[in-house]
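The values are calculated or read from the model by the stated rules, or taken from the named source; none is laboratory data. What you see is a predicted model; the values in this text were computed from it and never measured. Cβ atoms come from the backbone with ideal geometry, glycine included; neighbour counts cover every protein chain shown. The accessibility values were calculated without ligands, DNA or RNA, using every heavy atom of the protein model including side chains. Shrake-Rupley method; radii C 1.70, N 1.55, O 1.52, S 1.80 Å.
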Amino acid sequence: MAGGNQSIVSEFVLLGLSNSWELQLFFFVIFTTVYVASVLGNIIIILTIVSDSHLNSPMYFLLSNLSFIDICQSNFATPKMIADFLVEHKTISFEGCMAQIFLLHSFVGSEMMLLVAMAYDRFIAICKPLHYSTIMNHRLCIIFVTISWTVGILHSVSHLAFTVNLPFCGPNEVDSFFCDLPLVIELACMDTYEMDIMTLTNSGLISLSCFLALIISYTVILVTVQHRSSSGSSKALSTLTAHITVVTLFFGPCIYFYIWPFSRLSVDKFLSIFYVVCTPLLNPIIYSLRNEDVKFAMRKLKRRYLSSWKY
(Lines give C-alpha, C1' and ligand atoms only; values in the text may rest on other atoms or scores of the structure.)
Protein backbone atom coordinates (compact mmCIF):
# COMPACT_ATOMS: atom_id res chain seq x y z
CA MET A 1 0.00 0.00 0.00
CA ALA A 2 1.27 3.44 -0.91
CA GLY A 3 2.57 5.73 1.77
CA GLY A 4 1.17 9.13 2.60
CA ASN A 5 3.74 10.91 0.39
CA GLN A 6 2.44 8.96 -2.61
CA SER A 7 -1.18 9.96 -2.04
CA ILE A 8 -2.97 10.91 -5.27
CA VAL A 9 -5.73 12.84 -3.51
CA SER A 10 -4.95 16.55 -3.81
CA GLU A 11 -8.31 17.82 -2.56
CA PHE A 12 -11.39 16.68 -0.68
CA VAL A 13 -15.02 17.32 -1.59
CA LEU A 14 -17.17 18.58 1.29
CA LEU A 15 -20.77 17.42 0.94
CA GLY A 16 -22.00 20.16 3.25
CA LEU A 17 -25.31 20.23 5.08
CA SER A 18 -27.82 20.08 2.24
CA ASN A 19 -28.19 19.92 -1.54
CA SER A 20 -31.18 22.24 -1.51
CA TRP A 21 -30.34 25.74 -2.79
CA GLU A 22 -33.11 27.29 -0.69
CA LEU A 23 -31.83 25.60 2.48
CA GLN A 24 -28.28 26.68 1.72
CA LEU A 25 -29.38 30.31 1.41
CA PHE A 26 -31.24 29.95 4.71
CA PHE A 27 -28.14 28.44 6.36
CA PHE A 28 -26.01 31.22 4.87
CA VAL A 29 -28.06 33.90 6.62
CA ILE A 30 -28.32 32.02 9.93
CA PHE A 31 -24.67 31.01 10.24
CA THR A 32 -23.38 34.38 9.04
CA THR A 33 -25.38 35.98 11.85
CA VAL A 34 -24.08 33.46 14.41
CA TYR A 35 -20.50 33.88 13.18
CA VAL A 36 -20.55 37.68 13.35
CA ALA A 37 -22.22 37.58 16.79
CA SER A 38 -19.62 35.08 18.07
CA VAL A 39 -16.60 37.05 16.90
CA LEU A 40 -17.92 40.46 17.93
CA GLY A 41 -19.23 39.16 21.26
CA ASN A 42 -15.90 37.63 22.24
CA ILE A 43 -13.95 40.68 21.06
CA ILE A 44 -16.19 42.88 23.22
CA ILE A 45 -15.57 40.63 26.23
CA ILE A 46 -11.79 40.89 25.76
CA LEU A 47 -11.92 44.68 25.30
CA THR A 48 -14.17 45.05 28.35
CA ILE A 49 -11.91 42.99 30.60
CA VAL A 50 -8.72 44.68 29.38
CA SER A 51 -10.14 48.21 29.74
CA ASP A 52 -11.76 47.86 33.18
CA SER A 53 -9.45 47.73 36.19
CA HIS A 54 -12.25 46.24 38.33
CA LEU A 55 -12.06 43.10 36.18
CA ASN A 56 -8.35 42.66 36.86
CA SER A 57 -8.74 39.29 38.55
CA PRO A 58 -7.73 35.69 37.68
CA MET A 59 -11.32 34.74 36.85
CA TYR A 60 -11.64 37.43 34.17
CA PHE A 61 -8.10 36.89 32.91
CA LEU A 62 -8.99 33.25 32.21
CA LEU A 63 -12.33 34.34 30.72
CA SER A 64 -10.59 36.70 28.29
CA ASN A 65 -8.33 33.84 27.20
CA LEU A 66 -11.39 31.63 26.73
CA SER A 67 -12.86 34.36 24.50
CA PHE A 68 -9.65 34.42 22.47
CA ILE A 69 -9.82 30.66 21.93
CA ASP A 70 -13.47 31.00 20.89
CA ILE A 71 -12.51 33.66 18.33
CA CYS A 72 -9.91 31.27 16.91
CA GLN A 73 -12.43 28.42 16.89
CA SER A 74 -14.94 30.62 15.06
CA ASN A 75 -12.49 31.20 12.23
CA PHE A 76 -10.93 27.81 11.48
CA ALA A 77 -13.89 26.44 9.46
CA THR A 78 -16.98 28.65 9.73
CA PRO A 79 -15.98 31.33 7.14
CA LYS A 80 -15.34 28.63 4.54
CA MET A 81 -18.61 26.89 5.40
CA ILE A 82 -20.48 30.17 4.92
CA ALA A 83 -18.75 30.82 1.58
CA ASP A 84 -19.48 27.24 0.44
CA PHE A 85 -23.21 27.82 0.84
CA LEU A 86 -22.95 30.07 -2.23
CA VAL A 87 -21.10 27.60 -4.47
CA GLU A 88 -22.18 24.28 -5.92
CA HIS A 89 -18.86 22.42 -5.82
CA LYS A 90 -17.39 22.56 -2.31
CA THR A 91 -13.74 21.50 -2.18
CA ILE A 92 -10.79 21.91 0.14
CA SER A 93 -7.15 21.18 -0.62
CA PHE A 94 -5.35 18.34 1.12
CA GLU A 95 -3.19 20.86 2.99
CA GLY A 96 -6.26 22.90 3.95
CA CYS A 97 -7.99 19.78 5.23
CA MET A 98 -5.02 18.84 7.41
CA ALA A 99 -4.87 22.43 8.67
CA GLN A 100 -8.53 22.28 9.72
CA ILE A 101 -7.93 19.05 11.64
CA PHE A 102 -4.90 20.54 13.37
CA LEU A 103 -6.61 23.82 14.29
CA LEU A 104 -9.84 22.21 15.51
CA HIS A 105 -8.12 19.81 17.91
CA SER A 106 -5.68 22.50 19.07
CA PHE A 107 -8.49 24.90 19.97
CA VAL A 108 -10.82 22.27 21.45
CA GLY A 109 -8.03 20.68 23.50
CA SER A 110 -6.91 24.09 24.76
CA GLU A 111 -10.46 25.06 25.68
CA MET A 112 -10.97 21.85 27.63
CA MET A 113 -7.88 22.49 29.73
CA LEU A 114 -8.79 26.15 30.21
CA LEU A 115 -12.25 25.20 31.48
CA VAL A 116 -10.54 22.98 34.05
CA ALA A 117 -8.37 25.95 35.08
CA MET A 118 -11.49 28.12 35.42
CA ALA A 119 -13.13 25.45 37.58
CA TYR A 120 -10.03 25.38 39.80
CA ASP A 121 -10.20 29.17 40.10
CA ARG A 122 -13.83 28.96 41.27
CA PHE A 123 -12.93 26.08 43.61
CA ILE A 124 -10.29 28.20 45.36
CA ALA A 125 -12.49 31.32 45.39
CA ILE A 126 -15.47 29.55 46.98
CA CYS A 127 -13.89 26.80 49.08
CA LYS A 128 -10.75 28.64 50.24
CA PRO A 129 -11.59 32.36 49.94
CA LEU A 130 -9.01 33.49 52.53
CA HIS A 131 -6.18 31.95 50.50
CA TYR A 132 -7.51 32.99 47.07
CA SER A 133 -5.22 35.99 46.46
CA THR A 134 -2.19 33.97 47.56
CA ILE A 135 -2.91 30.88 45.44
CA MET A 136 -4.48 32.41 42.32
CA ASN A 137 -1.76 34.88 41.40
CA HIS A 138 -0.89 36.20 37.93
CA ARG A 139 1.99 33.75 37.55
CA LEU A 140 -0.28 30.75 38.10
CA CYS A 141 -2.78 32.12 35.56
CA ILE A 142 -0.01 32.41 32.96
CA ILE A 143 1.01 28.82 33.74
CA PHE A 144 -2.59 27.64 33.29
CA VAL A 145 -2.92 29.35 29.91
CA THR A 146 0.47 28.04 28.75
CA ILE A 147 -0.42 24.49 29.80
CA SER A 148 -3.78 24.78 28.04
CA TRP A 149 -2.23 25.74 24.70
CA THR A 150 0.60 23.22 25.07
CA VAL A 151 -1.79 20.34 25.75
CA GLY A 152 -4.07 21.43 22.91
CA ILE A 153 -1.25 21.63 20.37
CA LEU A 154 0.35 18.34 21.47
CA HIS A 155 -3.06 16.67 21.36
CA SER A 156 -3.55 17.95 17.81
CA VAL A 157 -0.05 17.04 16.62
CA SER A 158 -0.52 13.48 17.86
CA HIS A 159 -3.56 13.18 15.58
CA LEU A 160 -2.00 14.90 12.59
CA ALA A 161 1.23 12.92 12.71
CA PHE A 162 -0.68 9.76 11.82
CA THR A 163 -3.37 11.26 9.59
CA VAL A 164 -1.12 13.20 7.23
CA ASN A 165 0.78 10.02 6.29
CA LEU A 166 -2.29 7.92 5.51
CA PRO A 167 -2.59 6.74 1.89
CA PHE A 168 -5.48 8.67 0.31
CA CYS A 169 -5.77 7.21 -3.15
CA GLY A 170 -9.45 7.03 -4.06
CA PRO A 171 -12.58 8.30 -2.30
CA ASN A 172 -12.36 11.97 -1.37
CA GLU A 173 -15.89 12.94 -0.31
CA VAL A 174 -16.25 14.10 3.31
CA ASP A 175 -19.87 13.99 4.46
CA SER A 176 -19.62 17.19 6.49
CA PHE A 177 -19.00 20.91 6.10
CA PHE A 178 -15.39 20.67 7.34
CA CYS A 179 -12.64 18.06 7.60
CA ASP A 180 -13.88 16.00 10.53
CA LEU A 181 -11.05 13.70 11.60
CA PRO A 182 -13.01 10.40 11.88
CA LEU A 183 -14.62 10.99 8.46
CA VAL A 184 -11.27 11.79 6.82
CA ILE A 185 -9.64 8.69 8.31
CA GLU A 186 -12.38 6.54 6.77
CA LEU A 187 -11.28 7.68 3.29
CA ALA A 188 -7.80 6.16 3.62
CA CYS A 189 -6.98 3.23 1.34
CA MET A 190 -6.22 0.85 4.20
CA ASP A 191 -7.77 -0.81 7.21
CA THR A 192 -8.35 2.11 9.58
CA TYR A 193 -9.44 0.14 12.65
CA GLU A 194 -6.20 0.84 14.54
CA MET A 195 -6.40 4.52 13.60
CA ASP A 196 -9.99 4.62 14.90
CA ILE A 197 -8.83 3.12 18.19
CA MET A 198 -6.00 5.66 18.51
CA THR A 199 -8.38 8.54 17.72
CA LEU A 200 -10.91 7.37 20.27
CA THR A 201 -8.21 6.79 22.87
CA ASN A 202 -6.52 10.15 22.35
CA SER A 203 -9.61 12.37 22.17
CA GLY A 204 -11.64 10.19 24.51
CA LEU A 205 -9.07 10.29 27.29
CA ILE A 206 -8.61 14.06 27.23
CA SER A 207 -12.37 14.66 26.98
CA LEU A 208 -13.32 12.26 29.76
CA SER A 209 -10.46 13.23 32.08
CA CYS A 210 -11.24 16.94 31.79
CA PHE A 211 -14.98 16.31 32.13
CA LEU A 212 -14.53 14.14 35.24
CA ALA A 213 -12.20 16.72 36.78
CA LEU A 214 -14.82 19.40 36.18
CA ILE A 215 -17.65 17.27 37.59
CA ILE A 216 -15.65 16.54 40.77
CA SER A 217 -14.69 20.21 41.18
CA TYR A 218 -18.22 21.50 40.71
CA THR A 219 -19.66 18.83 43.01
CA VAL A 220 -17.32 19.94 45.81
CA ILE A 221 -18.15 23.59 45.09
CA LEU A 222 -21.90 22.95 45.14
CA VAL A 223 -21.65 21.17 48.47
CA THR A 224 -19.65 24.10 49.86
CA VAL A 225 -22.12 26.68 48.51
CA GLN A 226 -25.04 24.86 50.15
CA HIS A 227 -23.45 25.40 53.58
CA ARG A 228 -22.96 29.13 53.02
CA SER A 229 -25.41 31.89 53.88
CA SER A 230 -27.94 32.66 51.17
CA SER A 231 -26.64 36.20 50.64
CA GLY A 232 -23.05 35.09 50.26
CA SER A 233 -23.76 32.11 48.06
CA SER A 234 -26.21 33.59 45.56
CA LYS A 235 -23.53 35.31 43.45
CA ALA A 236 -21.24 32.28 43.63
CA LEU A 237 -24.10 30.01 42.61
CA SER A 238 -24.95 32.26 39.66
CA THR A 239 -21.36 32.21 38.43
CA LEU A 240 -21.15 28.47 39.01
CA THR A 241 -24.34 27.87 37.02
CA ALA A 242 -22.83 29.72 34.05
CA HIS A 243 -19.69 27.57 34.22
CA ILE A 244 -21.66 24.32 34.47
CA THR A 245 -23.85 25.34 31.51
CA VAL A 246 -20.81 25.98 29.30
CA VAL A 247 -19.15 22.74 30.38
CA THR A 248 -22.27 20.65 29.70
CA LEU A 249 -22.95 22.16 26.29
CA PHE A 250 -19.29 22.02 25.28
CA PHE A 251 -18.39 18.52 26.44
CA GLY A 252 -21.67 16.85 25.45
CA PRO A 253 -21.04 16.73 21.67
CA CYS A 254 -17.29 16.04 22.12
CA ILE A 255 -17.88 13.00 24.31
CA TYR A 256 -20.63 11.79 21.97
CA PHE A 257 -18.34 11.89 18.92
CA TYR A 258 -15.27 10.29 20.48
CA ILE A 259 -16.79 7.80 22.90
CA TRP A 260 -19.62 6.55 20.67
CA PRO A 261 -19.09 3.52 18.40
CA PHE A 262 -17.35 4.07 15.07
CA SER A 263 -20.51 4.21 12.96
CA ARG A 264 -21.63 7.78 12.19
CA LEU A 265 -25.21 8.88 11.66
CA SER A 266 -26.35 11.44 9.09
CA VAL A 267 -27.53 13.69 11.90
CA ASP A 268 -24.01 13.83 13.35
CA LYS A 269 -22.85 16.57 10.99
CA PHE A 270 -25.68 18.78 12.24
CA LEU A 271 -24.54 18.09 15.79
CA SER A 272 -21.03 19.09 14.66
CA ILE A 273 -22.43 22.55 13.97
CA PHE A 274 -23.02 22.96 17.67
CA TYR A 275 -19.43 22.66 18.87
CA VAL A 276 -17.84 24.19 15.76
CA VAL A 277 -20.19 27.13 15.11
CA CYS A 278 -22.41 27.62 18.16
CA THR A 279 -20.03 26.90 21.07
CA PRO A 280 -18.00 30.12 20.51
CA LEU A 281 -21.27 32.05 20.95
CA LEU A 282 -21.96 30.45 24.35
CA ASN A 283 -19.17 32.39 26.02
CA PRO A 284 -20.42 35.95 25.32
CA ILE A 285 -24.06 34.99 25.89
CA ILE A 286 -23.69 33.07 29.15
CA TYR A 287 -20.82 34.99 30.76
CA SER A 288 -22.02 38.45 29.70
CA LEU A 289 -25.76 38.22 30.24
CA ARG A 290 -25.43 36.38 33.56
CA ASN A 291 -22.54 38.36 35.03
CA GLU A 292 -23.44 41.73 36.55
CA ASP A 293 -19.81 42.87 36.79
CA VAL A 294 -19.22 42.26 33.08
CA LYS A 295 -22.49 43.96 32.11
CA PHE A 296 -21.65 46.99 34.25
CA ALA A 297 -18.17 47.19 32.71
CA MET A 298 -19.67 46.95 29.22
CA ARG A 299 -22.03 49.84 29.96
CA LYS A 300 -19.09 51.94 31.15
CA LEU A 301 -17.12 51.04 28.01
CA LYS A 302 -20.10 51.97 25.85
CA ARG A 303 -20.50 55.37 27.58
CA ARG A 304 -16.77 56.02 27.19
CA TYR A 305 -16.83 55.39 23.45
CA LEU A 306 -20.04 57.36 22.95
CA SER A 307 -18.63 60.35 24.79
CA SER A 308 -15.41 60.21 22.74
CA TRP A 309 -17.48 60.15 19.53
CA LYS A 310 -19.26 63.36 20.53
CA TYR A 311 -15.96 65.20 20.57
Working out 0.36 nm times the residue gap between residue 56 and residue 95, then minus their Cα-Cα distance, what length gain in nm do you get to one decimal? 10.0 nm
Label-point separation in nm, residue 43 to residue 256, each point 7 Å along Cα→Cβ: 3.1 nm
Close lysine pairs (region 11-299; alpha-carbon distance under 23 Å; 8 or more apart or on separate chains) counted at 5
Relative contact order of the chain, please, whole-number percent, based on alpha carbon pairs below 8 angstrom and at least 6 residues apart. 29 percent
Using a probe of 1.4 angstrom, how much of the accessible area of region 11-299 is carbon and sulfur, in percent? 70 percent
Describe numerically, in nm with one decimal, the distance between label points set 7 Å from Cα along Cα→Cβ at residue 219 and at residue 130. 2.8 nm
I'd like to check one number: the per residue accessible area of region 1-91, probe 1.4 Å, reported in Å² as a whole number. 49 Å²
With runs of 4+ DSSP H residues as the only contributors, calculate the mean residue ellipticity of the chain at 222 nm using -39,500 (n - 2.57) per run, divided by the residue total and rounded to the nearest 500. -24000 deg cm²/dmol
If I model a spin label at residue 154 and residue 10 as a point 7 Å from the Cα along the Cα→Cβ vector, what separation in nanometres do I get? 3.8 nm
